[in-house]
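For reference, the structure discussed in these notes is given below.
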Amino acid sequence: AQRVTQPEKLLSVFKGAPVELKCNYSYSGSPELFWYVQYSRQRLQLLLRHISRESIKGFTADLNKGETSFHLKKPFAQEEDSAMYYCAHRGQLTFGSGTQLTVLP
Amino acid sequence: GAGVSQSPSNKVTEKGKDVELRCDPISGHTALYWYRQSLGQGLEFLIYFQGNSAPDKSGLPSDRFSAERTGGSVSTLTIQRTQQEDSAVYLCASSADRGVNNEQFFGPGTRLTVL
């Protein structure tokens, strides 16, 4: 079965520090992975997708097929990055359980 | 233009009652999804509609759950004989298609509380 795993429910970093939100997947075919973000009192929205190889709000995510990972990274976290982050696989858009990121001042 | 809308925003019901949740997708979007967001559980896929095709109901947790999409637009999620474990935020999303690069646009959700 398709599965997306986010091992960290909570993650806190200080402003300006690097941040990495982990995501591992299990899928037998070609993975199609996304990161979605939900800021406080806002709707869930797409952050980035692996196929676009894009950087959004300073975040990047590289697909590592060998490690079956799609970790989300940002070199210098900002307070406005505090949010719930979900890794998702296309299929039926299987979501991980989410990581609540808090960036401390 | 208007995004995905859902109604009601909050629903409190008694155990055993039926509830209907409504989703208005973005105009022209052919794909519509329902998810359930429970505390500590992440998002759970429930059902998916694509155009006139038969819906993918593989995520519905029990036969108490059903959904319809009339005219390829508005969708209603119905939960019969609600149970306390049905309490969650129910999210609807739509996308232009189900292509590789599709982006799902989410509604604000309906918070369901079953007493």
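Out of B:T113, B:T82, one residue alone is among the β-branched types (V, I, T), more than 13 Å from the chain's Cα centre (by Cα) and open to solvent by 30 Å² or more (accessible area, probe 1.4 Å). It is B:T113.
When restricted to residues that are over 12 Å from A:L33 (Cα atoms) and among the β-branched types (V, I, T), the range A:45-61 contains 2.
Screening B:S95 with (1) farther than 18 Å from A:G96 by Cα; (2) more than 10 Å from chain A (Cβ to nearest Cβ); (3) not hydrophobic (A, V, I, L, M, F, W, C) gives one miss only, at (2). Based on this model, can you work out whether A:G98 counts as within 14 Å of chain B (Cβ to nearest Cβ) and more than 15 Å from B:Q104 (Cα to Cα)? For A:G98, the condition - within 14 Å of chain B (Cβ to nearest Cβ) and more than 15 Å from B:Q104 (Cα to Cα) - is met. Is it the case that some residue within the range B:80-89 is in a strand (DSSP E or B), in contact (Cβ under 8 Å) with a residue 40 or more places away in the chain and either out of contact with any helix residue (DSSP H, G or I) (no Cβ under 9 Å at 6 or more places or on another chain) or under 25 Å from A:R49 (Cα atoms) (or both)? Scanning the range B:80-89 turns up at least one residue that is in a strand (DSSP E or B), in contact (Cβ under 8 Å) with a residue 40 or more places away in the chain and either out of contact with any helix residue (DSSP H, G or I) (no Cβ under 9 Å at 6 or more places or on another chain) or under 25 Å from A:R49 (Cα atoms) (or both).
Of everything listed in (1) within 12 Å of another protein chain (Cβ to nearest Cβ); (2) touching a strand residue (DSSP E or B) at 6+ places or on another chain (Cβ under 7 Å); (3) polar (S, T, N, Q), the single unmet condition for A:S82 is (1). I'm trying to understand the selection: among the residues of the range B:61-79, which are under 22 Å from B:H29 (Cα atoms) and either assigned to a helix (DSSP H, G or I) or under 11 Å from the mean Cα position of the chain (by Cα) (or both)? Residues satisfying the conditions are B:S66, B:A67, B:E68, B:R69, B:T70, B:G71, B:G72, B:V74, B:S75, B:T76, B:L77, B:T78. Hey, does the range A:67-80 have a residue that's closer than 28 Å to B:D56 by Cα and free of Cβ contacts under 8 Å to residues at least 40 places away in the same chain? No, because not a single residue in the range A:67-80 is closer than 28 Å to B:D56 by Cα and free of Cβ contacts under 8 Å to residues at least 40 places away in the same chain.
Within the range B:26-55, the set of residues being aliphatic (A, V, I, L, M), open to solvent by 50 Å² or more (accessible area, probe 1.4 Å) and in contact with a strand residue (DSSP E or B) (Cβ under 9 Å, 6 or more places away or on another chain) comprises just one member, B:L39. State whether the residues of the range A:56-70 include one that is within 14 Å of chain B (Cβ to nearest Cβ) and closer than 28 Å to B:A31 by Cα. Scanning the range A:56-70, I find at least one residue that is within 14 Å of chain B (Cβ to nearest Cβ) and closer than 28 Å to B:A31 by Cα, so the answer is yes.
The values are calculated or read from the model by the stated rules, or taken from the named source; none is laboratory data. Quick caveat: nothing in here was measured; it's all calculated off a predicted structure. We place every Cβ from the backbone using ideal geometry, glycine too, and count neighbours over all the protein chains shown. Heads up: the accessible areas ignore ligands, DNA and RNA and are worked out on the full protein's heavy atoms, side chains in. Shrake-Rupley method; radii C 1.70, N 1.55, O 1.52, S 1.80 Å.
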